[in-house]
Structure formats: structure tokens, C-alpha cells
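See below for the structure under consideration.
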Amino acid sequence: MKRGRAIVGFFFEGLCRGCALLVCGLVVVILGFIFSKGAKTISWEFLSTAPSQGMTHGGIFPAIFGTLAITLLMIVMALPLGVAAAVYLNEYANRGRAARVIRAAINNLAGVPSIVFGLFGVGFFILFVGRNLDKVLHTGLLFGQPALLWASATLAILVLPVIIVSTEEALKAVPLSHREAAYGLGATRWQMIRRVVLPQSLPGILTGAILSISRGAGETAPILFTGAAYFLPRLPVTKIFGMIPMINPFDQFMELAYHIFIMATQSTNPELTRPLQYGTAMVLLSITFGLNLSAILLRIRFRRRLRRA
Amino acid sequence: MKSFLRLLAPLSMAACLLATAACSDSSKAPEAKNVSPAAPAPAPASNNITVKGSDTMVVLGQRWAETYMKEHPDVTIQVTGGGSGTGIAALLNGTTNLANSSRPIKAEEMQKAKEQGKDIQEFKVAFDGLAVVVNHNSPLQNLTLQQLMGIYTGHFNNWKEVGGPDQKILRYCREANSGTYVFFKEHVLVDRDYAPDCQTMPGTGAVAEAVSKDPNGIGYGGVSYFENRPELKVLAIKKDDASEAISPVGADGKPNASQIRSLQYPISRNLFVYTLGASSPEIKAYVDWMLSDLGQKVVTEVGYVTLKDQGSATANAVK
Amino acid sequence: MEQLVQKPLVAQSSNLKEPSPRASRRENHGLRDFHWRQRFREGAIHVFLAVNGYLAIVLIGLIFLFLFKEGFHALQTIKPMQWIGNKTLDFDGREVFSFVWQPLSNTPKYSLLPLLSGSFLVALPATFFSTLIGIGCGVYLAELASQRTREILKPIVELLAGIPTVVIGFLALSVLATLVQNFFHTHFRLNAFVGALGVSLVIIPVIASMTEDALRAVPNELREASYGLGATRWETLSKVILPAGVSGISASILLGMGRALGETMIVLMATGNAALFTGNIFSSVRTMTATIASELGSSAQGSEIYYALFFVGSVLFTITFFINLISEVVVERMRRRLRL
């Protein structure tokens, strides 16, 4: 009897262990496959030049730059909003009914399909906000067309829940005693938040920011109609006052994830450009993996420090 | 707190930069990359040419842009696909300077342009043969237009009905708004509907890819996409049972230029570029260049068929 | 006294509910000792943060509004019956009732059935696979693995979640599809099954990590009581802990299904996109997401198909919205029960 129970337990526990190993195995296989195939393509030239000869040769520099530009703009827009929302939720609203509804909305926002964000980007940002801005400012057709600005705004909404949730987690981890000490010294609520809570939760906020950059860099569907270009060898850069170069938010852009998509489905000969596809996939994977890994490490360190405190 | 500020500082600076750009950039500041410091300040906006439209032509448009920009470093051209319909719509909306189209403009699109008081100019820039491909393992050599229609409308479902092996047919086609889809529907299906089990691929490249891996697959697309692909077999097409089968690909593996140009090959078509009548000299210059020998040379390189017999043109040049 | 102090704050943010007095002890910290300027600043900051706080609700509302606004146009020209099916002439001129999505035909057909069946034909199997593997993985991480193993395995599972979907789609298209065809000898090389396998890679991490969280939230007393009664580790797990965490796990499955329905790039690249109304998992299918992704870019703004695609988007959004809502409610219930 006892033996039978032990065998059943052994069997099912083995099954669970098998599942975990399978998942890890999948990660290793996917990574290994892409990296072993992609490594042959990667060279300085591949990373630093634009595609040429009908995208069958050359590199992916504009796509790398475009990815960096779009995620930078995205995080500039999303981080302040997300952090502010999390501070409100955790420090002001806390457990009221409003907070419950907001949290439900955030979770729901996190589950909205990415293609729906794409539709929203077109319907709201480009056609509604953009076209009306053009009408009001008399700028012809500047805002009302697909552009870096709208693509990154769309992505910003997409990653907002990631930032809010991880920021809130970080805020929660700040011990009550620290807050009370600040109050005891005569601080107002905002002073307490600014000088005690935010500095302590900075690593957690940073983790959220990194995770959301990685998420944003990997998304394709939301930017399909909001600004990604098939071929745009120059960088989406402009000079303000004729001298300081900066990202031009009104330009379209090439993007790594989108580049993989079109190379795999629309290039003249997908078989011939396979090495380029693997190379691009490897670059994209390196970026997202690097970011994810650093976020994970940061979080582990952060949690350890909290445990010690 | 300091470290937090340190994090926020670059971000807020970037935000400020953005804001200033949004204000100062309303005239699309001139391009930085290709301007040498000694050069006079280039005219804004007009040096930027946007090209949008046909996915079939996106590779051609991209190669044209690439070559033209090498010759004219002060011009930047950006190329986006999306389909012929998108291109023409964008031209009417004013979001693009040039519209590539693999089908002639529709009457209702012309009507819309007239209503907006816009004058659309059409340029024929190249010829293209639509090739029908099967897997290289298929014993089939040719099909009539009638059979092709039967296959794509779902009337024939087995290869043996058209003289092939006893296998089910797997149909691959393009997605609904590509010019290729529309052209094929009008000229081969005589405006009937595609069979619902047609697998729509996001690009002709994907069609080629799929057919090369499917022994029972059939697909179609611009002939240039199927050049030098040993896993694919380009079928010869007969107008009807009595007429001669013509392949869009010659014995040398290059497109069968003369047959396509003369429209003897039954599914040949023109490729078009559309502009607005009141376009800038830069755009005119670009279109003229496309039609010149240099531009047409690119057409051959990409695998399409030039407007004129390029062989005699170069011969003239040599004389 | 307390009320007096709180008032200016509330007055400035008239749309806000006053925080309930027992909600938090921190609320009791009054501002009466501070200079009016400081009080004003505190109030302004409160309002500013609150505006940001409500942003998520506003955004959900905006998405609803703008999707339905455009989708509504489609309802004006396309009759309700047309969303289900159409009378069409077949090849020999006979009239048949068919369920076809063919917006660019001479008689445009907008049947949603093939798209819905396609979406579910990918999402249900994908959810099924990932439930099996994800729960197993989550159970192992939460209950069986040692501290050290968990610290290594968990990041790896999270890395799987970090693979961009376009890369998975690319692999499914170029490698997985061939493997599946060679193994199952299917008619369609690209089919719902290939898509489902690809999509399950995306939702396995979702289910695994949510399962782990749910199991770890089960109080330790339950485990100890069970061991105390002489149960083995597996008996404790299957008869005590899993039942206690079941609502969290089912929420994770629902959430995973929502993600599967909304996944775009993988299905666009790997399912072949034939809009067939079918229940055959090895058939090529076209999902709602893939339809939007492949056709919206190439349809002119304001055309009928453009609005029809927004309508498809509205349908998709409504479905995922309710799935997410249910999973949210389930999780909320679990939290409340475990707190008791």
C-alpha cells in the first residue's frame, strides 16, 4: 500500500519534472538553433550597413537603429505615466474600490491582443489625434500619417501594464517602518514618497523599464500600420537648429522584428536570404535576451537586498 | 533620490528634445546624412521622395531607389509596400509622392481623384509575366487558362483532373489587396471568386517558399520571384487547347522577354507608376530616370521585362 | 478635524472618491501642520498622480470607443446576416449558402465564421498543450524543485516568454512546418496545428508562472497539516495544494487562452491563412488577427473592407476582454478566499 502510493507519487512528480525540463530544453534548442545559424552571418559589416541589392545583401543597421529609436521614445512616454500610476495606486488609492477597478483595468489592458493595439494606433493616434492636430496647427499632413511617434506611442500603451505592475511590486516592498519614520520626522506624504519610497524602489522600477523595452522591441503587430517601413536606408534622424542630430519622430523607420517578417515572407527568394533572416533574428534575440537577463539579475539582487534589510 | 534623478534626467532631456523637435520640425528639417558641410543648405521636403504601393514592385522600387540615391546623394527615397490599392489611396490622400501599381488604376479611383481636383499621371515602367509554378516533382508541364481557372475556383480538386498524378491540389494565392491577386482574378478567373481553401500568403516570396516544399502545391506570382529556383517548376501556359504553350521563362532561366512584352504570354501585364500632375521637378526627374536606360537596366536586374528591347537599345548606344 | 484637513484635497479633484478612512493608516497623517503652499503642492501632486492612475481605465475606454466607432460604420452597409454567411453561385451556377470571408469579391462576402473557427482552432489546442506542460512546470517550480534549481529554472522559463513572437513564427514557418508535415503527412503544410504548437510556446510561460504563484500563495499550514496526517508529498500536492490553488490555475488557463486568441505574428506566418470554415486541426485556417494584419495595411481608409476589419477587431477585443475579465474575477475570488 505504502509502496504503491510512493510509486504513484514518483511517477507524477517525474512528469512535472519532465515538463519543466521540456520547457528549458525548448529554450535551449531555440536559442542554440538561431545562434548557431545566425552567427555565420554576423559581422561588423552586417551590423553597420544598410540592406542592398533588393535586400538580398548588406546589413541591418537601419533596422537596429529604428528599433533603438522606437523603444527609446516608447520608454520616455511610458515610464513617467506608469510610475505615476503605480505611485497613485500603491500610495494613495491603495485598497479602495477605485484601486480595485483600476487594477482590473490594468490587467485587462495587459491582455489586449497586440493587433488590437495596432488598430487602435491607426484609429486613435493617426486618424483622430494626428489628423485633428494637422487641422488645428495647419501643418498639412505632418501628424496624420504613420510615423515613429505614433508607433512608439502605441507601444507605450502596450507596455504600460508591465511598468505599472513591476513598479507597484517595488513600492510594496518598501517597509512600513521607513515610511513611518519619514512621517515622524515631519515629512508630507509626497516628501516621504519622493525621498524614501522612490529611491528605495528604484531598482524595481528599472527592472520594469528594462522588461518593457524588451517587450516593445519584440512586438511586430502594433507597428505594422503605424510606421514601419519596408525599406528606408537612411536613418530617421533630423537636425534641430541645423546642428544637433536627433531622432525625427515624424519619419517612418525600419525595425528588426518587422524586418524578419518581411524577409521571411516577402523577399524575392526567402531561401536565399535565409542567412540574413537568421542573422537578424539573432540580433533581435540578443537584444531582448540581454535585456531580459539583466532585468532578472537586477531583480534577484534587489530581492536579496530587501531580504537583508 | 539623487540616483533616481540621475535616471530621470536623461529621460526628461530626451523628452524636452522631442518637444523642441515637434515644434521646430514642422517643415521636416533637411536630411542630415548625405549633406557635406560645404554644400549649400538643401531645399527641404522635396528631396524626400516617398514611394508606396504594390508588393510585387517593392523590390523593384527598392532597387531603383538604391541605385538612384547612389547617383544623386542629395535625394532620399523611401519605399513601402502594402499593395497597389494602398499606394493609389495614399497618393490621393497625399501621403506618398509615387504610387507603384501592378494593375492599372480603377475607374472609381480615377473618379475619386477628379472629385478632389487632382490630376493623376500614369507611367508604364515595365512588363511582368505572371508565372504559375508547381513543385519540381510534379510531372505537369503546361496548363490551359481554362484549367487554371478550374483549379483556382475550386472546380478541380485533384491533379489527375488536369493530367497530373492522383493527388489533391493545394492552392496558394496572394492576399486580397495585392495587385497580383486582383490581376489574376480578373484575367485568369474571369472575375469568379477564388476557392475558399486558397492559402493566402503574405508575399510572393512566401508563395515560392510554400510551393517549393509542397509536392502538390500550385502558386503564382511575378516571374522574377521564381528565377533560378530548382525546387520550382514554372509551367507553360496555353490560351486554349489549340494554341501553343508559352513559358514565361526562357531556356536560359531568364524571363521570356519578347513573349511577355508582346503580351503573347497569356498572363502578362504592365507595371505602373502613378504621380500627381503637380509634382516637383525632383519627382519628375526620378520618374524620367526610371524610364531611361539606366533605370531600365535595373528592371532587367530585378527580373522584370523592360519596356523596349534593351539589347537593341544598348547596341544603339554602342554605335 | 480630520475631515477639514482632507477637504481641500478632495475639492481639487472633484472626480475622485475620498479614500475611505480605514483604508490605510497613512491617510490619518494630516496636513494641518504645514504651510498652505505646501498643502497646495501636496494636493496638486495628488491630483496629478490620480489622473495618471485612472489612465488605464481611460485607455481601455478609448480602445473600446475607437474600435467600435470604426467598426460601427461596417454595420451600416453590411447586413447582420452577411456576417454569418452568403448565398453564392458555385462553379456550375447553382445557388449555395456558403460561409466565406472574401471582401474583395464582386459580391463581397464577410462571413465571420471561418475567422472565428480559425481563431479557436488555433487557440484551443494551444491552450490544451500549454495547460499540460505549463501546469507541470509550475508545479515543479513551486513545490518540487529545490531552492537552487528554482533559481536557475525560473529565469529560463521567463526567457521563453521573452522570445519575440516573430522569431517563433519564423521558426514555425521554416522548420516546424516541415517537421509536422513529415511526421503527420498532412494535406496542408501550414495548418492550425503548426500554429497551435507555435502559439503554445508563447503561453506556456504565462500558465507556468501564474500556476507557480497560485501554488505558492497556498498557506504553509495546509501543507503541514497534510504531512502531519501521514500523506506523501504527491498526495499533499494533488489532494490539498492543487485544489486550494485551483482558481488561480484556472485563471491562468483563461488568460493563456486570451493570449492565444490574440496572437498575431505566429498564426500569420504559420497557419496558411486559408479562410476555411472547418473543424479539422490539420486544415489551413485564417484567424481574426491574421486577417486584420494581412488586409488592413492594404485597404484604403474609409472603404467597406477597412471598416469590416475594424469590426473584426471589435469582435476579437470583446472576446478577449471578457476572457480577461473572467480570469480577473476568478483570481480576485482566490485572493479573498486565501486571505480568510
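Here, each number is a calculation from the coordinates, and none is a lab measurement. None of these values were measured; they are calculated from a predicted model. For neighbour counting, all protein chains shown are included, and Cβ atoms are generated from backbone atoms with ideal geometry for every residue, glycine included.
One table, with the values for the structure above:
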read-out: Cα centroid separation - region C:265-281 against region A:200-223, whole Å; value: 31 Å
read-out: Using alpha-carbon coordinates, inclination of helix C:246-262 to the longest axis of chain C, degrees; value: 50 degrees
read-out: Number of partner chain Cβ atoms within 10 Å, mean per residue of A:9-19; value: 6
read-out: For A:CYS16, A:CYS24, B:CYS198, order by how many other beta-carbon atoms lie within 10 Å, fewest first; value: A:CYS24, A:CYS16, B:CYS198
read-out: Mean Cβ count within 10 Å, highest first, over the residues of peptides A:29-37, B:87-95, A:100-108; value: B:87-95, A:100-108, A:29-37
read-out: Prolate/oblate/rounded label for chain C (Cα gyration tensor, a/c 1.5); value: oblate
read-out: Rounded to 10°, Cα long-axis angle of helix C:147-161 versus longest principal axis of chain C; value: 50 degrees
read-out: CD proxy at 222 nm, helix term only [per DSSP H run n ≥ 4: -39500 (n - 2.57); per residue of chain C; nearest 500]; value: -20500 deg cm²/dmol
read-out: Dipole moment magnitude, nearest 20 debye, chain A about Cα centre, only Lys, Arg, Asp, Glu C-beta charged; value: 1580 debye
read-out: Shielding by other protein chains, C:62-72, mean Cβ within 10 Å; value: 4
read-out: Shielding of B:293-304 by partner chains, average beta-carbon count, 10 Å; value: 1
read-out: Ordering of C:61-67, C:257-263, A:192-198, A:182-188 by packing [mean C-beta count within 10 Å, highest first]; value: C:257-263, A:192-198, C:61-67, A:182-188
read-out: Cβ-based exposure ranking for A:MET282, A:MET74, in which fewest neighbours within 10 Å come first; value: A:MET282, A:MET74
read-out: Candidates A:GLY18, A:GLY123, A:GLY66, ranked by Gaussian network fluctuation over chain A, Cα under 10 Å, top entry; value: A:GLY18
read-out: Alpha-carbon centroid distance for the pair region B:207-282 / region B:46-61, whole angstrom; value: 20 Å
read-out: GNM top mover of C:HIS187, C:HIS73, C:HIS35 - chain C, alpha-carbon springs below 10 Å; value: C:HIS35
read-out: Kirkwood Rh, angstrom, region C:256-310 [1 / mean 1/r, Cα pairs]; value: 12.1 Å
read-out: Rounded Å value of the spacing that divides the Cα centres of region C:285-340 and region A:8-48; value: 31 Å
read-out: Residue with peak Gaussian network fluctuation, chain A [Cα springs, cutoff 10 Å], from A:LEU284, A:LEU298, A:LEU15; value: A:LEU15
read-out: Between helix C:304-339 and chain C: long-axis angle, C-alpha atoms, 0 to 90°, nearest 10; value: 40 degrees
read-out: Dipole in debye (nearest 20) - region B:177-253, about Cα centre, beta carbon charges: Lys, Arg +1; Asp, Glu -1; value: 80 debye
read-out: Point-charge dipole on Cβ atoms (K/R +1, D/E -1) for the protein assembly as shown, about Cα centre, debye to 20; value: 3980 debye
read-out: Farthest toward positive dipole pole in chain C [+1 Lys/Arg, -1 Asp/Glu at C-beta], among C:MET257, C:ALA123, C:TYR306; value: C:MET257
read-out: Average projected area [Cα convex hull, the protein assembly as shown], square nanometres; value: 45.3 nm²
read-out: Sorted peptide list for C:120-129, C:227-236, A:226-235, criterion being average Cβ within 10 angstrom, highest first; value: A:226-235, C:120-129, C:227-236
read-out: Farthest toward positive dipole pole in the protein assembly as shown [+1 Lys/Arg, -1 Asp/Glu at C-beta], among A:THR265, C:LEU113, A:SER286; value: A:SER286
read-out: Ranking of B:MET149, B:MET110, C:MET288 by count of other Cβ atoms within 10 Å, fewest first; value: B:MET110, B:MET149, C:MET288
read-out: Inter-label distance, nm, simple model (7 Å from Cα along the C-beta direction), C:GLN301/B:GLN146; value: 4.8 nm
read-out: Cα gyration tensor shape for region B:128-268, rounded if a/c is under 1.5, else prolate or oblate; value: rounded
read-out: Theoretical FRET efficiency, 1/(1+(r/R0)^6), r = Cβ-Cβ of B:SER280 and B:ASP74, R0 22 Å, to 0.05; value: 0.95
read-out: Cα gyration tensor shape of region A:31-308, rounded if a/c is under 1.5, else prolate or oblate by comparing a/b with b/c; value: prolate
